[in-house]
Every structure is written in C-alpha cells, then in structure tokens.
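Encoded as structure tokens, the structure appears first; notes follow it.
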Amino acid sequence: GLDHLGYLWIAWLLAGVALLLARVALLLARVAWLLAGIAWLLAGVAWLLVRVSRFLVTVGWRVSAVLLVVVAIVLLSCAGTVATNVAAGWGAPLLAA
C-alpha cells in the first residue's frame, strides 16, 4: 500500500493541478472581460459615429472635416490608453507565473 509520503505526493500533485486550473480560469475570465470591454467600446464608437455623421450633415463639410480630425485624434488616444492597459493587464500574470 501507499505510505504517508505517497499520499502527500498525490495531495501535492492535486493541489498543483487545482492551482493551474484556477490560473487558467482567471486568465479566461480576464479574456472574457477584455472581449466584453472591446464590444462595449465598439458599440460606443458606432453610436458616436452615427451621432457625428448626423451632426455633420447639419453643419456642412468644412466644419465636419475639422471635427472628424478631432474625433480621430481622440479615438486614437483612447485606443492607445486601452492598449497600454491591456498590455499591463497581460504582463502582470505572465510576470507572476
């Protein structure tokens, strides 16, 4: 039969597997949260574009060209911030691993 060390080794192995599964679950939750965030962001951008295009029809093309540039700059800066946060979010668990 198994001695105490054998049982201890099996328990240690099971704890390791459980820890690994927990880590994978955490990563999947993070990915799901990230995808939800991206979907929400895209919905916001789509809504913004609809609003902007409606507004542009009313103000004319000269003003609208300037506004589009401003909106593009704002969206790019937001995307940069999101990318930085995502990179930081992915970096942390990899460093902790």
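Largest GNM mean-square fluctuation across Ala22, Ala87, Ala11, computed for the chain with C-alpha springs under 10 Å, falls on Ala11.
With a Cα-only, solvent-free Debye model of the chain, what are the log10 I(q)/I(0) values at q = 0.18 Å⁻¹? Taking Cα atoms of the chain as identical point scatterers yields -0.93. The alpha carbon centroids of the stretch 60-75 and the stretch 3-59 are separated by 33 Å. Computed from Cα atoms, the angle from the helix 61-96 axis to the main principal axis of the chain rounds to 10 degrees.
Each value in this text was obtained by applying a stated rule to the coordinates, not by laboratory testing. Small disclaimer: the values here were computed from a predicted structure and weren't measured.
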